[in-house]
Every structure is written in C-alpha cells, then in structure tokens.
Amino acid sequence: MAVDADGAFRAYHPDDQPGLDSLGHAGRSGHWWALATDTGKPSGEPVVQRDADPAPGYYVSMTSLFDPNNPDETDPRRFVDAASIAYIVLPPAGFKHAKLGDFATVINLRNGKVAGAILADQSAAKLKMGEGSIALADALDIDSNPRTGGVDQGIAYVVYPGSGNGEPRPSDRIASISRRRFRQWGGMQKLHSCLR
C-alpha cells in the first residue's frame, strides 16, 4: 500500500520540501492532476491557499471525490482530507465495479488491524491497486509518511460496489458502515477463505 496525501491541507507546497508529499506526485507544470488550478484545467496555474484557508501557502490538493454542496473548486475543504479520512484509491480498471464514495474494508494481514475506508480517488492507469490515505495507513499501523512510508505486501482490500452515495462522509460513518458491510460479507473467515 502506497500512502496518498491528496486532499490533505499540507499535501503539496510550492517549495516541495515543506509538503507532506513530493510535488512530482501532483503533476508538473502544464499538467497538474492533483492540484486545483486557476482555470480548473490541468494546464492552469496551481492555486495557493490564502490566509483564511487551513494551510496558507500550501497548494489546494484535490481528490476525485468531493463535496458537491461546495461549488468552490479552490476551497481545500471541498476535497477528502487524506490526513483525517481513511480512503482508498483505485486505478481506472477498478471503476468497472466500484464508484467514488463506495465503502471498503482494508486489512493489514501482518498485524490483523482492520479499518473502514471510502473510495475517494483514482490513480493513473499504469498503477496497480494499492494506495491508501495517510489516515488509513495510521489506522493499519503502517508508516504513513507519503514520501517514504507504505508497505510492499500484506494488505487486503474488500470493496463494496454500489454501497456509497457518491459523496464524502465523516470518519465515524465510514468506520461504522464499513464494519457492518464487512460483517455481512463474511468477515475475516471469508477473507481467509479467499486468500487460500
């Protein structure tokens, strides 16, 4: 599981080093895929948070899942905060089955930790399954540093297609709904049977 900082208020900074993650993971000049821009297009100039925003001086980092009730595309609060919300990221192939806002359960097979999550972002087509937010990594007791953390193996993902409403949810709702879905699916017993 690679650790994703997208949506976190301090995810990316114009000077790179202060950001939680490397600016290269947000795109490059003329092609920004993880930053809000002044034109709303990848070719625009990245928007820097202002004094009234949560992290002045940092870029506004986006997730594919956003709050539809907040029409301001330059408001960092519109997106899913990787530092406080447990979420997963799927490559485009995963969206043949699931959609943004669906729930998931993620299991660290090395230590038995289980965490509920929401599907909040889409990765590049060439990337395989296996990205989670900073908050998800913390919940699974994995090094949550987006630059150096993550784990190469031992993580299982159970995604519940059609379980969400296409909108972000608070962390307590994500946890409770995912817990219920995992129990209905068959829990750890079913997971172990799938992994045999």
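Among what's in the range 147-169 and is surrounded by fewer than 18 Cβ atoms within 10 Å (Cβ to Cβ) and without any contact (Cβ under 8 Å) to a residue 60 or more places away in the chain, pick the residue that is farthest from GLY116 (Cα to Cα). Here the answer is THR148. Kindly indicate which of SER133, SER144, SER176 is modelled with pLDDT of 95 or more, loosely packed, with under 15 Cβ neighbours inside 10 Å and touching a strand residue (DSSP E or B) at 6+ places or on another chain (Cβ under 9 Å). None of the other options fit; the residue is SER176.
When residues in the range 147-179 are screened for being outside any helix (DSSP H, G or I) and among the small types (Gly, Ala, Ser), 8 of them pass.
Being surrounded by fewer than 24 Cβ atoms within 10 Å (Cβ to Cβ) and among the aliphatic types (A, V, I, L, M) narrows it down to one of ALA93, ALA86, so name that one. Exactly one residue qualifies, and that residue is ALA93. Of all the residues in the range 2-19, those that are of a type in the set (A, V, I, L, M, F, W, C), part of a loop (DSSP other than H, G, I, E, B) and surrounded by fewer than 24 Cβ atoms within 10 Å (Cβ to Cβ) number 1.
The values are calculated or read from the model by the stated rules, or taken from the named source; none is laboratory data. All of these numbers come straight from a predicted model, not from anything done at the bench. Glycine also receives a Cβ, built like all others from the backbone with ideal geometry; neighbour counts cover every protein chain displayed.
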